[in-house]
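In what follows, a single structure is set out as C-alpha cells and then discussed.
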Amino acid sequence: MKHSKIHIINKNIILLLCFLFVLVSFSQHKTIHSGWQFSENKISWETINIPHTWNKDDAFDDTRGYRRGMGYYKKQVFISSEEKDKIHYLKFNGVNQEATVYINGKQVGNHKGGYTAFNFEVTPYLIYDEYNLIDVMVDNSHNIDIPPLDADFTFYGGIYRDVELITLPKQHFSLDDFASDGFYVDYYEVSDEKAGIEITSILKNASKSNSNVKLHLILYDDKGKLIKERTEILMLPLEAANEVKIKLSEVYNPKLWSPDNPYLYKLQLILQDEKGNLLDSKSSNIGFRWVSIDSENGFFLNGKPIKLIGVNRHQDYQGYGNAVPLEIQKKDIELIKNMGANVIRFAHYPHRRELYDLCDKLGILVWTEIPVVNKVTNSKAFFDVCINMQNEHIKQYYNYPSVVMFGYMNEIFLRLAFDNKSSDEEKNQLKTTSLKLARQLEDLTRQLAPNHITVMACHLNEVYNETGIADLPMLLGWNLYFGWYDKEIQDLGIFLDNQHKRYPNRSLLLSEYGPGADVRIFTKTPKKFDFSTDYQAKLHQSYYKQITDRPFMTGMTAWNFADFGSEFRGDAIPHVNQKGLVQYDRRPKEIYYWYKSVLDDDKPFIHIATDYLSGLTLLENESYPIQVFSNQEQASVFLNDEKVQDVNIENGFAIAELHFFDGVNHIKIISENTSEEKKVEVKRISNLDFKDFNRFGINIGSHFYFSDVNHQITFIPDQPYKKGWFGYLDGKPFRMTKDKNQGIPHNIKNSTSEPLFQTMLEGCSTYKIDVPDGNYKVDLFFVEPQIKPTENIYNLSEIDNTSTKIQRIFDVFFNEQLVEKQFNLASAYPEKYGVSLTSTIQISNNNGLTISLKDFKGEPVISGVLIEKLD
Ligand code: GCB
C-alpha cells in the first residue's frame with residue numbers, strides 16, 4: 001500500500017515535469033527586464049533595468065524636487081520567424097500611472113492606472129527575423145481622470161513591475177479578460193465534510209478554423225498526490241473566446257486552509273490539441289475555506305471566530321521607490337507572518353501578485369483594494385477608469401484563496417472635509433458623485449466576486465454616515481487616529497461603541513491606526529505627536545486591548561507595516577510617513593516585537609526594548625523605565641547579575657524601572673521557559689564637572705532624548721533650571737497650532753536632525769548651564785518655525801496663518817559676551833533652515849554659562865545647545 005502511494009506520487013511528478021518541459025515549447029512567458037533605454041526628455045538616454053522608477057531619489061530631495069511628468073522607455077526585441085504561427089502579447093504588470101505602448105512606431109494601446117496589470121496583443125505589429133522596437137511613453141503627471149488624485153503616498157512614475165513577452169499557440173487561455181489568467185476558481189459547498197471547486201475557463205481560438213481541444217483539470221494535494229481529475233473534449237469556434245464551466249466533484253474530509261494551517265491543494269489546468277499535444281497550461285493555489293461576518297460577533301473563518309489582527313502595507317522601500325525587487329518584497333510578507341499577524345490590507349492599491357501567492361502559502365488573510373482615495377472627479381472618464389480598474393483588480397486577484405476582502409475606496413471624503421473654498425452646493429454635488437461611484441463599484445464587486453466580502457475605509461467624520469456611503473460595503477473599515485490627529489487614545493473605544501450602538505447591523509474593522517515614530521527619539525514621558533517610539537508602544541498597546549475587548553470588532557490593521565514615502569510630508573524624517581512598525585529599510589522598531597509577544601504563541605518569546613537606546617544619559621540618581629515584551633506570564637529582571645524585581649507580563653509587556661550604572665549594563669530577563677539578555681551603554685553623570693565626558697547636548701524645549709548621528713551625540717531632554725545643572729528660567733515650548741500637542745514645524749531644510757530643530761522654547765530670555773570654569777565651544781541651534789507653514793491635511797490641526805507675519809529679532813549673549821547682534825532668522829534664512837551659531841567662551845569665576853536671548857522684536861526661539869570642553 002505504502003509502496004504504491006509513493007509510486008503514484010512519483011508518477012505525478014514525472015507527469016508534471018513532462019508537461020512543464022513541453023510547455024516551454026508551446027506557451028512561453030519571457031520577462032524582459034534588461035537593457036531598456038530610459039529618458040526624461042527623449043534627448044539623453046540611459047540604460048536601465050526594469051523594475052524602474054524615475055522618482056526614487058527626487059521624491060526625497062528638496063533641491064531636485066519631485067518630478068511628475070513624462071518618462072520614455074524603449075527596448076529592441078528580436079522575434080524569430082519560428083514564432084510566426086504564434087500569438088504574441090506584451091504584458092505590463094505595473095506602470096505608474098498612464099502608459100502608451102508603441103511597436104515599431106505604431107501605437108498598440110494605452111492604459112490608465114498604475115497598479116494593475118494590462119496587456120496588448122502585438123502579433124500584427126511584429127516583424128519577424130528582425131529587431132522590433134518597443135516604445136513606452138509613461139506619464140505620472142496629475143491627471144484628474146486617474147485615481148488616486150491625491151493621497152498620502154508618493155506616486156512614483158515608471159515601469160516598476162515586470163514586463164513580459166508572451167508567446168502562445170492559437171488556442172490558449174484567454175489573456176483578454178482584463179489581463180487575468182483566463183480562468184476563475186469558485187468554491188462550492190465548502191465545509192468540514194466536503195468541498196468542491198468549479199472552474200470557469202475562457203478559451204480562445206485565434207485560428208481561422210474551429211479547433212478541437214482537450215481541457216484537463218487536475219487537483220493535487222500538497223504532496224503532489226492526484227486527488228481529482230477531469231478531462232473535457234471541446235470544440236473551440238474559430239476566432240472567438242468562449243467560457244467553459246467545469247466542476248470537479250467534492251473532496252471529502254478536505255484539509256481546510258487557515259492562518260494556523262495554510263493547507264494548499266494545487267489545481268493544474270492543461271489545454272491540449274486533439275492529438276494530445278500540449279497547448280497551454282495554468283495553475284492555481286486551492287485553499288478550501290469559507291468566511292462570514294457578524295455585526296455582533298465579528299469575523300469567522302471556517303465557522304470559527306477569528307480576530308483579524310495585522311497590518312496595512314505600502315509597496316515602496318528605502319532607496320528603491322516603488323521599483324522594489326520581488327525578493328525584497330517577499331521578505332515583508334515573511335516579517336508580517338513572523339510577527340504573528342493573520343491579515344494584511346494591501347493599501348491603497350493592488351500590490352504584486354506574487355505577494356498574494358505568498359499569503360496563500362503562509363496563511364495570511366487579505367484585504368485588497370483599488371486606489372480611489374481622498375476624492376473623486378465628476379467625469380465619465382474618471383468613472384470609466386475606476387470601473388475598469390476594479391474589473392482588472394478582481395479578475396487578476398480572484399483566484400488567491402487568501403483574498404477574502406475586495407475594497408474600492410479609502411477616505412473618499414477626506415478632501416471634502418478639509419475644503420474651505422467650495423460652496424455648499426459644490427460640496428453636495430461631490431457627495432452625490434462619490435456616492436454614485438461607490439454604488440457602482442460596490443455593485444460591480446458583488447457581481448464579480450459574489451463570495452468575497454466587500455470593504456471600504458472611512459476617516460473620522462460623520463459625512464460617511466450622513467451620506468449613507470458607510471452602509472454600502474459588507475464590512476466597514478474605520479481609519480481612526482485617536483491620540484494622534486484626534487482626541488486621546490481612550491476615545492477609540494468610546495467612538496466604536498457609539499457607532500455599534502447607532503448602526504448595530506454594520507460589521508466593523510479598525511482599518512488604520514497608529515502614531516508616527518522615529519527610532520532616534522525616546523522618552524520617559526511619551527506624549528501625543530512627539531514621534532517617540534514610547535508613545536508608539538503606548539498607543540498600540542492600548543488600541544489592541546480596546547479592540548480585543550470588543551467582540552463586535554472584526555479586527556484591526558495597523559497603519560503601517562513599514563515607514564513609506566509620502567512626498568509632501570515633513571515628519572521627523574522629511575518626505576516619509578513614519579507610522580511603520582518597521583523602518584523604511586524594514587529594520588524593526590520595538591513595537592514590532594510587542595506585536596509578536598501578543599500574537600505569536602508558537603514559542604516562548606522575550607524581547608527587551610533597548611535596541612535604539614543609544615547614548616542614554618542619566619543625571620544624578622535617575623532611573624530609566626525599560627519595556628519588556630513577552631508572551632510569557634511572569635519574568636524576573638536582572639541588572640548586572642543582580643535580581644531587581646519580578647514582573648507580571650500583561651497585554652504582552654511589563655516595565656522594569658532600572659538604576660543603571662555608568663558604562664555597559666547587562667540586562668537579563670528570565671521566565672520559566674526562556675530568557676533574554678541585552679547590553680545597554682549608559683552615561684551616568686553625577687554633576688556637570690566635564691571630567692568623564694567632554695560634550696553635553698540638550699534638546700531645548702523638548703521632553704525627549706534625540707540620538708543624533710550628525711552631531712554624534714544624544715541630546716537629552718530639557719528641564720526648568722536646577723542649580724548645579726542646567727535649564728531654562730523662562731519661556732515655553734513652541735507650538736504652531738491651537739492644539740497644544742501638535743504643531744511642530746516641518747520640512748526643515750539643511751538638516752537631517754529634524755527632532756533637534758522641531759522642538760524649541762519660545763520666549764526664553766535666560767538659559768543657564770552650570771559648567772565649571774574653562775574654555776568651551778558652544779553650538780546653539782535655531783530654526784524660524786513660522787516661515788511657510790506646511791499645509792498638511794494629515795496633520796488634522798489648524799495652522800495659524802497669521803503667524804507667517806511674525807518676525808523675531810534678538811541678540812544672543814554667552815554670559816556678557818555678544819555672540820550675534822540682531823539675529824533675524826526669517827530674513828537671514830528665508831526658507832525654513834536649521835541654523836547653528838557656534839562660538840567659544842572662556843568661563844571663569846564659577847559663573848557657569850548663561851545664554852541670554854534679548855528680544856528686539858517678537859519672541860526669541862531656541863532649539864538646542866551642544867557644549868564641548870576644549871581644554
Ligand atoms: C489615513 C490614510 C493613509 C495615511 C494615514 C496617515 O487615514 O488612509 O493613507 O497615510 O491616514 O498616516 O495619515
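The values are calculated or read from the model by the stated rules, or taken from the named source; none is laboratory data. Values in this document were obtained by computation on a predicted structure and should not be read as measured data. A quick note on method: Cβ atoms are made from the backbone with ideal geometry, for glycine too, and the neighbour counts reach across all protein chains shown. Heads up: the accessible areas ignore ligands, DNA and RNA and are worked out on the full protein's heavy atoms, side chains in. Shrake-Rupley method; radii C 1.70, N 1.55, O 1.52, S 1.80 Å.
Filtered by the rule that a residue be within 16 Å of the ligand (Cβ to nearest atom), open to solvent by 10 Å² or more (accessible area, probe 1.4 Å) and of a type outside the set (Phe, Trp, Tyr), the range 152-173 gives a lone residue, ASP152.
Can you find even one residue in the range 454-465 that is acidic (Asp, Glu) and within 28 Å of the chain's Cα centre (by Cα)? Yes, because at least one residue in the range 454-465 is acidic (Asp, Glu) and within 28 Å of the chain's Cα centre (by Cα). With respect to ASP176, is the statement that it is out of contact with any helix residue (DSSP H, G or I) (no Cβ under 9 Å at 6 or more places or on another chain), at pLDDT 95 or above, open to solvent by 20 Å² or more (accessible area, probe 1.4 Å) and more than 30 Å from SER34 (Cα to Cα) true? No. For the range 538-574, a residue qualifies if it is away from the ligand (no atom under 13 Å from the Cβ), outside any helix (DSSP H, G or I) and open to solvent by 10 Å² or more (accessible area, probe 1.4 Å), and the qualifying residues are ASP549, ARG550, PRO551, PHE552, ILE573, PRO574. Of ASN665, ASN699, all but one fail to be in contact with a Lys or Arg (Cβ under 9 Å, 6 or more places away or on another chain), open to solvent by less than 10 Å² (accessible area, probe 1.4 Å) and at pLDDT 95 or above; the exception is ASN665. Within the range 764-788, being of a type in the set (Ser, Thr, Tyr) and open to solvent by 10 Å² or more (accessible area, probe 1.4 Å) holds for SER765, THR766.
Scanning the range 118-131 for residues that are assigned to a strand (DSSP E or B) and farther than 27 Å from GLY182 by Cα, we see that the one that is most open to solvent (accessible area, probe 1.4 Å) is TYR131.
Are there any pairs, at least 6 apart or on different chains, whose C-beta atoms fall under 8 Å, with the first in the range 410-434 and more than 26 Å from LEU510 (Cα to Cα) and the second not hydrophobic (A, V, I, L, M, F, W, C), and if so, which? The qualifying pairs are LYS427/ASP419; GLN429/ASN378.
Exactly one residue out of VAL372, VAL385 is aliphatic (A, V, I, L, M), touching a residue at least 40 places away in the same chain (Cβ under 8 Å), within 16 Å of the ligand (Cβ to nearest atom) and open to solvent by less than 20 Å² (accessible area, probe 1.4 Å): that is VAL372. Got a number for residues in the range 837-849 being at negative phi and crowded, with 17+ Cβ neighbours inside 10 Å? Going through the range 837-849 one residue at a time, the tally reaches 3. On the given criteria, is PRO473 buried (at least 22 other Cβ atoms within 10 Å of the Cβ), of a type outside the set (S, T, N, Q) and away from the ligand (no atom under 14 Å from the Cβ)? Against the criterion (buried (at least 22 other Cβ atoms within 10 Å of the Cβ), of a type outside the set (S, T, N, Q) and away from the ligand (no atom under 14 Å from the Cβ)), PRO473 qualifies. Scanning the range 344-369 for residues that are in a loop (DSSP other than H, G, I, E, B), open to solvent by less than 10 Å² (accessible area, probe 1.4 Å) and either assigned by TED's automatic domain parsing to the domain that holds VAL95 or away from the ligand (no atom under 16 Å from the Cβ) (or both) returns GLY363, ILE364.
A residue that is of a type in the set (D, E, K, R) and within 16 Å of the ligand (Cβ to nearest atom) occurs somewhere in the range 503-515.
Residues that are open to solvent by 10 Å² or more (accessible area, probe 1.4 Å), part of a helix (DSSP H, G or I) and within 16 Å of the ligand (Cβ to nearest atom) within the range 403-459 comprise ARG415, LEU416, ALA417, listed in sequence order.
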